[in-house]
Amino acid sequence: MKYAIILAAGKGTRMKSKNNKVMHKILNKPMIGHVVDNLEEIDIDQTVVVTGFREESIKNYLGDRVEYATQDEQKGTAHAVSQVSQLKDKSGSTLLLYGDSALISQSTLQKIYKAHGDHDLTIVSAQVKNPGRYARVIRDNQGNIKKIVETRNATELEATSKEINLGVYCFNNELLYKYLPEIEDDSKEELNIIDLVSVMRKNGHKIQAIKIEDASEFMGINDRFELAKASQWMRNKINHYWLEKGVSILDPNNTYIGPDVEIEADVIIEPNSHIYGNSIIMSGVTVTANSYIVNSEIGPNTVIESSKIVDSKVGSDSTIGPFAHLRNHTELGNHVRVGNFVEMKNTKVGNHTATAHLSYLGDAEVGSYVNIGCGVVTINYDGKEKHKTVIGDHSFVGSQSGLVAPVTVGENVLVAAGSMITEDVESDDLAIARQRQSIKKGYGRKYLEEKGKI
């Protein structure tokens, strides 16, 4: 059996934030979201997150994907693990890592589990030129692991070690819980999990270290600078991957693609574009500068011009924008035109329909070959509930018209410009709903003179 314990109870004071550190985002996903997603991909049998500071934000985000334990007092990593009662008396291997381990890939986690095998404790380490603040791995004359020591507690000789502890461990679960009580000490302010190395060595258990060639995946993320550095590292890794897959990213240093995005070959992405979540970008798509796409599917040969698309689907050979906004499960057919400053919310649009500019379609169902004029608004909210507007195929809605939902406009209908439609319009009809214009001779000048305008 494979288990995982994620430590996420700390305040992360160096972030200088009112939020839990692990809820800070890398490429639009909280750090702990990256960790849990990667663990799920390698089929962990049971994952427990140790929470404490602002735990409600973590629980609201992860829900029932994991189990929880609470560390009320921040008394170190060993104390945090001791709060995980769910795994006591279970046999198997337990991976222990921090909630900010967002950069550690699925393949690396799998490698750690596989290498652990029948060992009792596996440590992840790296040989570096400048160990800095990292804890040192200390070995005996035969090269066996003797202990791990924090930099502040290291002797002058121990501080010369260039092998650092990367803070990820894999334990024989039964031995983990057997020896935790041996490092409990009420006189200590902090009980550190690294003390188990010495305890398990003393008891003759099999301890190994997996040396990682590139320790970048394990970089600590303790402040805003390190968060920015980690974000840049992940962004560069993802962009490099898609460039190799045949995606044209015109400025990789200013393009942001989340780890769950799927992109086909021959897509062009211009600078300062953001694509996140479970988005799918199909072949031939062009995403122009300053576009923002989240959890959306963009069909082949479509152009997204500097627009925002969230939780929506766009068909093939369409043009969106500039400065359009699609949201809340909007679905567009093929050969659709959505122009500048058009917003659509929870709306379905058929093939070859055009909404060229300055319109709002909310909670609507629009057919094929429909033309929506400038300034058309579906008036879907009555102050309490949202209502639906239906517009049939081949209809034409003139500029500056309002459709007061619930209302249905049939097929082949012409709605005259400036109309306020409050009743259903049957197919093939012309609807005009506007007050007759009246002229008051001279009243314009009189009004302006009274106001001192002329």
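Quick note: the coordinates plus some simple rules give every number you see, no bench work behind them. Note that the structure is a prediction, hence the values are computed from the model and not measured. Heads up, the Cβs are rebuilt from the backbone with ideal geometry, glycines too, and the neighbour counts pull from every protein chain shown.
Residue separation of V128 and Q110 scaled by 0.36 nm, minus their Cα-Cα distance, works out to 4.2 nm of gained length. Counted residue by residue at 0.36 nm each, then reduced by the alpha carbon distance between them, the extension gain from K88 to D140 reaches 15.5 nm. Beta bridges per DSSP, both residues in the stretch 106-243: antiparallel share near 70 percent. Name the residues of the stretch 380-424 whose amide N is less than 19 Å from a point 7 angstrom out from the Cα of R436 along the C-beta direction? Those under the cut-off are 416-420.
Net charge dipole, the stretch 2-218: roughly 640 debye, given to the nearest 20, about the Cα centre with Cβ charges of +1 for Lys and Arg and -1 for Asp and Glu.
Counting only aspartates and glutamates at least 8 places from K88 when in the same chain, those with an alpha carbon closer than 18 Å to its own are D45, E67, D120, E174, E182, E184.
Selection among V66, N28, H205 by position relative to the dipole of the chain gives N28 as farthest towards the positive end (Cβ unit charges, Cα centre). Full extension of the segment from D118 to F225, taken as 0.36 nm per residue of separation minus the current Cα-Cα distance, would add 34.6 nm. Mean residue ellipticity at 222 nm, helices only, the chain: -5000 deg cm²/dmol; runs of at least 4 DSSP H residues each add -39,500 (n - 2.57), and the sum is divided by the number of residues.
The alpha carbon gyration tensor of the stretch 246-431 gives principal lengths a ≥ b ≥ c with a/c of 1.5 or higher and a/b greater than b/c, which makes the shape prolate. Take the Cα of W233, step 7 Å toward its Cβ, do the same at K446, and the gap between the two points is 7.7 nm.
Cross-linked pairs K21/K313; K18/K308; K308/K348; K11/K237; K59/K114: Cα-Cα separations exceed 24 Å for K21/K313; K18/K308; K11/K237; K59/K114. With contacts taken as Cα pairs under 8 Å at a separation of at least 6 residues, the chain carries a relative contact order of 8 percent. Stokes-Einstein diffusion for the chain, with the hydrodynamic radius set to the Kirkwood value over Cα pairs and evaluated at 10 °C in a medium of 1.306 mPa s, equals 61 µm²/s.
About the centre of its Cα atoms, the stretch 242-385 shows a dipole size close to 300 debye [charges on the beta carbon of Lys, Arg (+1) and Asp, Glu (-1) only; nearest 20 debye]. Given +1 at the Cβ of Lys and Arg, -1 at the Cβ of Asp and Glu and no other charges, the dipole of the chain around its Cα centre is 1600 debye to the nearest 20.
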